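Inspection log for the structure reproduced underneath, given as structure tokens.
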Amino acid sequence: MENLITINKTPKGTTVVSARELYDGLGLGSMNWSRWYDKNIVKNQFVKENEDWIGFFTMKNGNETKDFTITLDFAKRLAMQAKTEKGEQIRSYFIECEKK
């Protein structure tokens, strides 16, 4: 199985992914990243900061940008919302990872 998204474990054992890597992997438009994360992460009433996600700044293409460490369960929910071919591939990938 090809690794589509890097999955990591925190020291507390929580399985997490990068929201930016997920967003890019879903094939969503790079120009909409800030609107997407604001709507789907920051203002999402069904998830909690420091529980489901943690925001931080990183460098991408020489520019400082926002990224988020999100739980794998939250990433699965976000992937389910994506209506793209890449979204289907990532959903299948997460299902296969879960089976292992």
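The values are calculated or read from the model by the stated rules, or taken from the named source; none is laboratory data. Remember, predicted model here, so these are calculated numbers, not experimental data. Reconstructed Cβ throughout: ideal geometry from the backbone, glycine too, with neighbour counts over all protein chains shown. Heads up: the accessible areas ignore ligands, DNA and RNA and are worked out on the full protein's heavy atoms, side chains in. Shrake-Rupley method; radii C 1.70, N 1.55, O 1.52, S 1.80 Å.
With all protein chains in place and a 1.4 Å probe, the accessible surface of region 1-81 carries 48 percent carbon and sulfur.
Per-residue ellipticity at 222 nm computed for the chain from its helices equals -10500 deg cm²/dmol, with DSSP H segments shorter than 4 residues left out and the rest contributing -39,500 (n - 2.57).
P(r) for the chain, from all Cα pairs and a bin width of 10 Å, is 15, 51, 31, 3 %, short bins first. Cross-link reach is defined here as a Cα-Cα straight distance under 16 Å, omitting same-chain residues fewer than 8 places apart; for K9 the aspartates and glutamates meeting it are E21, E51, D52, D73, E98.
Could you size up the charge dipole of the chain around its Cα centre, putting +1 on the beta carbon of Lys and Arg and -1 on that of Asp and Glu, and report it in debye to the nearest 20?
160 debye
Selection among N44, G55, T14 by position relative to the dipole of the chain gives N44 as farthest towards the positive end (Cβ unit charges, Cα centre).
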